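Below you'll find the structure, written out as structure tokens, and then a few comments.
The values are calculated or read from the model by the stated rules, or taken from the named source; none is laboratory data. Keep in mind the model is a prediction, meaning the values are calculated, not measured. Every residue, glycine as well, gets a Cβ built from its backbone with ideal geometry; the counts of neighbours run over all protein chains shown.
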Amino acid sequence: MIMSTFHNERRVKTRKPHRCEWCGKPIEVGETATYSCGKFDGYFYDRYAHPGCEKLIYRLGMIECDYEGIDPDGWRQSVRDTYEGLAEEKITPPFDEMLRVVLQEYVWDKQQRII
Ligand SMILES: [Zn+2]
């Protein structure tokens, strides 16, 4: 069997506005983003994402064997589930707040940089 799957990613400073593949929010011109491209199952793909949003895929173990099996809905669900595991109260905040808490726990260092 020939392995035709590949995946590349790098940090870029955007020259055009984009939308984050995962959280769906805008990535402004000049912002740092993670650009990924590759080939999976015969299909080429590319995407822009906030570095933190992209990192969550790895930090939350969303990658098992089926990398492109992650879609934005699955990503959001995973963030929600993780938040519920962290939260003490049972009140569900807006998604952005859940994402902030999860990023803080899994992706940010003490200086609040995305690592
Ligand atoms: Zn994002």
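Points to keep in mind about this one:
- Condition check for L86 on (1) modelled with pLDDT of 95 or more; (2) more than 16 Å from the ligand (Cβ to nearest atom): one failure, at (1).
- Flag for V79 being within 14 Å of the ligand (Cβ to nearest atom) and in contact (Cβ under 8 Å) with a residue 12 or more places away in the chain: yes
- Annotation note: Cβ proximity below 7 Å between a residue of segment 23-43 that is closer than 20 Å to R10 by Cβ and a residue that is within 12 Å of the ligand (Cβ to nearest atom) and of a type in the set (V, I, T) (sequence gap 6+ or interchain) occurs for A33/I27.
- Any hit, segment 8-15, residues being at pLDDT below 95 and crowded, with 16+ Cβ neighbours inside 10 Å: no
- Hits in segment 101-115 - residues which are closer than 10 Å to G52 by Cβ and part of a helix (DSSP H, G or I): V102, L103, Q104, Y106
- Which numbered condition T92 fails, given (1) surrounded by fewer than 16 Cβ atoms within 10 Å (Cβ to Cβ); (2) touching a residue at least 40 places away in the same chain (Cβ under 8 Å); (3) of a type in the set (V, I, T): (2)
- Taking segment 17-52 as the range and being under 23 Å from I115 (Cβ atoms), among the basic types (K, R) and near the ligand (Cβ under 9 Å from one of its atoms) as the test, only K25 passes.
- When segment 39-98 is filtered for residues that are within 11 Å of the chain's Cα centre (by Cα), assigned to a helix (DSSP H, G or I) and among the hydrophobic types (A, V, I, L, M, F, W, C), the ones remaining, listed by number, are C53, L56, I57, W75, V79.
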